[in-house]
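J.: Shown below is the structure under consideration.
The values are calculated or read from the model by the stated rules, or taken from the named source; none is laboratory data. Quick caveat: nothing in here was measured; it's all calculated off a predicted structure. Methodologically, a virtual Cβ is constructed for each residue, glycine included, from the backbone with ideal geometry; neighbour enumeration extends over all protein chains shown. Heavy atoms of the whole protein, side chains included, go into the accessibility calculation; ligands, DNA and RNA do not. Shrake-Rupley method; radii C 1.70, N 1.55, O 1.52, S 1.80 Å.
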Amino acid sequence: MLEGVELHQEPGKVRATEVEQLGEKQIRISIDRGCYHQVRRMIGAVSNRIENLKREKIGNLALDDDLAPG
């Protein structure tokens, strides 16, 4: 994902800025811009799937762990 993946209806490749493996089935991924379901689509493009997705921060704003979904 650091080298970029091609997504349907996106010009060129979409790249992650950082990818960190946290466990056997868990990664932390950073992107510099977000388009429609970008992280889900990137994971799908490398023949995998997401079971749970949690946003940790937006730009320099870290989100509180107690913040309700949505």
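J.: Only one of (1) open to solvent by less than 100 Å² (accessible area, probe 1.4 Å); (2) touching a strand residue (DSSP E or B) at 6+ places or on another chain (Cβ under 6 Å); (3) more than 24 Å from P69 (Cβ to Cβ); (4) of a type outside the set (D, E) is not met by K13, so which one is it?
T.: Exception for K13: condition (1).
J.: Quick check, is R41 among the basic types (K, R) and open to solvent by less than 100 Å² (accessible area, probe 1.4 Å)?
T.: Here the answer is yes, as R41 does meet what is asked.
J.: Here is a list: E20, E3, E24. Which entry is touching a Ser or Thr at 6+ places or on another chain (Cβ under 9 Å) and at pLDDT 90 or above?
T.: Among E20, E3, E24, only E20 is touching a Ser or Thr at 6+ places or on another chain (Cβ under 9 Å) and at pLDDT 90 or above.
J.: Being assigned to a strand (DSSP E or B), free of Cβ contacts under 8 Å to residues at least 24 places away in the same chain and open to solvent by 50 Å² or more (accessible area, probe 1.4 Å) narrows it down to one of E3, E20, so name that one.
T.: E20
J.: Within the stretch 26-38, which residues are without any contact (Cβ under 8 Å) to a residue 24 or more places away in the chain and either exposed (fewer than 12 other Cβ atoms within 10 Å of the Cβ) or polar (S, T, N, Q) (or both)?
T.: Hits for the stretch 26-38 are Q26, S30, D32, R33, G34, Y36.
J.: Right, something else. Identify, please: which residue in the stretch 47-70 is modelled with pLDDT of 90 or more and open to solvent by less than 70 Å² (accessible area, probe 1.4 Å) and is, among those, farthest from M1 (Cα to Cα)?
T.: It comes out as L63.
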